[in-house]
1. Cβ contacts < 8 Å: first residue within 15 Å of C193 (Cβ to Cβ) and among the charged types (D, E, K, R), restricted to the stretch 157-170; second residue at pLDDT below 95 and assigned to a helix (DSSP H, G or I), any location; separation 6+ or different chain. Result?
2. Output the residues belonging to the stretch 1-52 that are in contact with a helix residue (DSSP H, G or I) (Cβ under 7 Å, 6 or more places away or on another chain) and among the hydroxyl-bearing types (S, T, Y).
3. What residue, among those in the stretch 182-207 that are under 24 Å from the mean Cα position of the chain (by Cα) and under 22 Å from Q161 (Cα atoms), is surrounded by the fewest Cβ atoms within 10 Å (Cβ to Cβ)?
4. Please go through the stretch 125-180 and pick out each residue that is surrounded by fewer than 12 Cβ atoms within 10 Å (Cβ to Cβ) and part of a helix (DSSP H, G or I).
5. Under 6 Å between Cβ atoms, which residue pairs at least 6 apart in sequence (or on different chains) link something in the stretch 209-223 that is among the aromatic types (F, W, Y) with a partner that is surrounded by 14 or more Cβ atoms within 10 Å (Cβ to Cβ)?
6. Looking at the stretch 41-67, I want the residues that are touching a residue at least 40 places away in the same chain (Cβ under 8 Å) and have a partner that is basic (K, R) with Cβ atoms under 7 Å, at least 6 apart or on another chain. Which pairs are those?
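The values are calculated or read from the model by the stated rules, or taken from the named source; none is laboratory data. Small disclaimer: the values here were computed from a predicted structure and weren't measured. Quick reminder, even Gly has a Cβ in these numbers, built from the backbone with ideal geometry, and neighbours come from all protein chains shown.
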Amino acid sequence: MTSNLATIYIFPSALHPEDNKYWVNDIYKNNVLSCQIIFCETAKQTRRFLKSILPQIDLNNLEIIDLKNKHEEAAIKFKQALATFQNIGIFSDAGCPILADPGQILIDIAQQNKCTVVPMVGPSSIYLSLMGSGFSGQQFHFHGYLPIQSHLRIHYLKKLQTQCTHIFIETPYRNEALFNDIIKNLPPQRLLCLGIEIHSLNQRIITRSIDKWQASKIDLKNKQVIFLIA
């Protein structure tokens, strides 16, 4: 266990390119500039975002470690960084790191090494959709991705209890398959909320009963969607 009590900053990033980044305040920017090394989901995406909020930042003097598909390698480098750097940043490609994101393994290491962990404020499509749904925020369950196979997905959906809000994500090209399985297999009185393109100019958060969804048409193909069921 390292004796260096590094400070780990968890930085949310924009959900969409047209995000005006009003939530990026001076404290956020100063903490970014204090970091000597960044761990991120995709280095190219993080560089682009950093330049958009801090045009003056010198990326050549900032080490950026790509996490995507390199979890074991990144974990080793992170442990080494704890003993080398005072301030370390963690970024996701979009929204809040750790939530539906591979950065959790690094925070686990940071906690084991008694580091100071500082989550920064920023957008999360999961929480923003929940806030706008009208569903209970007292008890909710984030399920991540459901099974890809339709019969397994339907079986999973039918087991959902009614005493809490259930939240799912899906890859954009499978949105319509998940939507159709939901409206065809859940009772008509259950409620479904769709958080569509959150934090974009085309954002929509729509809550309807299953029978109302069955009677309507909506295009979800290739869109970023959060599914919530109550």
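1. Every condition considered, no pair remains.
2. T2, Y9, S13
3. Here is the first cut: in the stretch 182-207, the ones under 24 Å from the mean Cα position of the chain (by Cα) are 182, 191-207.
Retained after the next criterion (residues that are under 22 Å from Q161 (Cα atoms)): 182, 191-195, 206-207.
On the way: I182: 22, L191: 19, L192: 22, C193: 21, L194: 22, G195: 27, I206: 15, T207: 17.
Top of the filtered list is I206.
4. H151, L152, K158, Y173
5. Matching pairs, first to second residue: W213/I183; W213/L192.
6. Close Cβ pairs satisfying both conditions: E41/K68; T42/K68.
So that you can scan it fast, the table gives a plain yes or no per residue for (1) crowded, with 23+ Cβ neighbours inside 10 Å; (2) more than 19 Å from the chain's Cα centre (by Cα); (3) small (G, A, S):
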{"position": "L67", "(1), (2), (3)": "yes, no, no"}
{"position": "E73", "(1), (2), (3)": "no, yes, no"}
{"position": "F78", "(1), (2), (3)": "yes, yes, no"}
{"position": "I90", "(1), (2), (3)": "yes, no, no"}
{"position": "D93", "(1), (2), (3)": "no, no, no"}
{"position": "I98", "(1), (2), (3)": "no, no, no"}
